[in-house]
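Trainee: Next up is a structure, given as structure tokens.
The values are calculated or read from the model by the stated rules, or taken from the named source; none is laboratory data. Quick caveat, the model's predicted, so the values are computed rather than measured. All Cβ positions, even for glycine, are placed from backbone atoms using ideal geometry, and neighbour counts span all protein chains on display. These accessible areas exclude ligands, DNA and RNA; they are computed on the full protein's heavy atoms, side chains included. Shrake-Rupley method; radii C 1.70, N 1.55, O 1.52, S 1.80 Å.
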Amino acid sequence: VRKKSMKIVGMIPARMGSQRVPRKNIRLLNGRPMIDYVLESASKVSIFDEVYVNSEDEIFTDLCDFYGFNFYQRPKRLSSHTSTNDQFAEDFLKKIDCDVLIQMLPTSPFLTSEEINNFISQMLEENFDTLISVEDKQIACVYEDNPINFKRLIPNPPSQTMQPIKVYATALMGWKSKTFLENMNQYSSAYHGGKGKTGFF
């Protein structure tokens, strides 16, 4: 349950220096820049106190103005292909005051406002420090050549009865800012939850 004084901020990271798919965030999808779909969904989420596009490139300022969002210009050093989510989120949280940060990826154009609302509701209701969006894979899976959710010497069960494996979707990530910064300070890592209560959506 949201506390009255709690500040919830949405952040859409939009680095322009992608090497695998150049300028992927503004590539046209059905005539619209890909990032525009997530911006539109975020604009329909009333629980946000503020929403930011986090990028090194001011090309996104017009879209921010259109949706009434803020533009956060990250340092150039955090815009290379070697920069990590931990690094640019830490930079953001050290400068933008909030209690909860919800990250929405612009490369997830089918993300809906309902999914974002449900994600935030789960994070608040279950008091998670970190919430990670995942996809259930209900099929036989191996890791380092070893079975994870099946046994080689017994008959394979129907896939719908198998224990699902949770695979990161990362379309949505949520962190309590205090816990995130504490984990970065102690472990130089916070993305996966570190110390704190972590849940999966």
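Trainee: What nm value, rounded to one decimal, do you get for the distance between Lys178 and Ser159 when each label is placed 7 Å out toward the C-beta?
Mentor: So the label points at Lys178 and Ser159 sit 4.5 nm apart.
Trainee: Per DSSP helix of 4 or more residues, -39500 (n - 2.57); summed, then divided by the residues of the chain. What does that give at 222 nm, rounded to the nearest 500? Please list the in-between numbers first.
Mentor: Details: 5 runs with 52 residues, N = 201.
Calculated mean residue ellipticity at 222 nm is -7500 deg cm²/dmol.
Trainee: Same structure again: At most 16 other Cβ atoms within 10 Å and a DSSP loop assignment: could you name the trypsin sites (Lys or Arg not before Pro) in the range 46-111 that fit? Intermediate values should be presented prior to the final figure.
Mentor: Numbers: sites: Lys76, Arg77, Lys94, Lys95; in loops: none.
When the trypsin sites (Lys or Arg not before Pro) of the range 46-111 are filtered for loop state and at most 16 Cβ neighbours within 10 Å, nothing remains.
Trainee: Also, I was wondering about something else. Hey, what do the phi angles of the range 142-151 turn into as Karplus ³J(HN,Hα) couplings, whole Hz, using 6.51/-1.76/1.60 and θ = phi - 60°, x for Gly and Pro?
Mentor: 10, 9, 6, 6, 10, x, 9, 10, 8, 10
Trainee: Once label points are set 7 Å from the Cα along Cα→Cβ at both Arg152 and Asn185, what is their separation, rounded to one decimal in nm?
Mentor: 4.8
Trainee: Sticking with this one: Apply the Karplus parameterisation 6.51 cos²θ - 1.76 cosθ + 1.60, with θ equal to phi minus 60°, to every residue of the range 196-201 and state each ³J(HN,Hα) to the nearest whole Hz, in sequence, with x for glycine and proline.
Mentor: So the J values, rounded to whole Hz, are x, 8, 10, x, 10, 10.
Trainee: While we're here: Give me the distance in nm between label points sitting 7 Å out from Cα along the Cα-to-Cβ direction at Ser79 and Glu135, one decimal.
Mentor: Calculated label separation equals 3.0 nm.
Trainee: Work out, step by step, the length gained on full extension between Gln122 and Glu144: first 0.36 nm times the residue separation, then minus their alpha carbon distance; give nm to one decimal. Walk me through the numbers on the way to the answer.
Mentor: Working: separation 22, 0.36 × 22 = 7.92 nm, distance 3.29 nm.
Full extension of this stretch gives 4.6 nm more.
Trainee: Now for a separate question. Please report, in debye to the nearest 20, how large the charge dipole of the chain is about its Cα centre when each Lys and Arg carries +1 at its beta carbon and each Asp and Glu carries -1 there.
Mentor: Values: 24 positive and 24 negative charges, 73 e Å.
That gives a dipole near 340 debye.
Trainee: A further question on this structure: Please compute the contact order of the range 24-134 in relative form: average sequence separation of alpha-carbon pairs under 8 Å and at least six residues apart, divided by the residue count, as a percent. The partial results should precede the final answer.
Mentor: Numbers: 99 pairs, mean separation 34.9, N = 111.
Computed over the range 24-134, the figure is 31 percent.
Trainee: Accessible area per residue, 1.4 Å probe, Å², for the chain: what's the number? Numbers along the way, then the final one.
Mentor: On the way: 11350 Å² over 201 residues.
Value for the chain: 56 Å² per residue.
Trainee: Let me understand the chain better: what is its radius of gyration from the alpha carbons, and its Dmax, in angstrom?
Mentor: For the chain, the Cα radius of gyration and maximum Cα-Cα distance read 18.4, 60 Å.
Trainee: While we're on this one: Looking at Leu131, Asn118, Ile102, which one has the Cα that reaches farthest to the positive end of the dipole of the range 95-136 (charges on Cβ: Lys, Arg +1; Asp, Glu -1)?
Mentor: Ile102
Trainee: How large, in percent, is the carbon and sulfur part of the accessible surface of the range 29-85 at a probe radius of 1.4 Å?
Mentor: Details: 1380 of 2930 Å².
Ligands and nucleic acids excluded, carbon and sulfur reach 47 percent.
Trainee: Related question: Whole-Hz ³J(HN,Hα) for each residue in the range 69-81, computed from phi via Karplus 6.51 cos²θ - 1.76 cosθ + 1.60 with θ = phi - 60°, x for glycine and proline: what do you get?
Mentor: Values per residue, Gly and Pro as x: 9, 9, 10, 10, 8, 6, x, 4, 5, 9, 10, 7, 6 Hz.
Trainee: Does a label point 7 Å from the Cα of Phe200, set along Cα-to-beta-carbon, have any residues of the range 139-175 with amide nitrogen under 17 Å, and which are they?
Mentor: Residues 139-144, 147-150, 160-174 qualify, since their backbone N sits under 17 Å from the label point.
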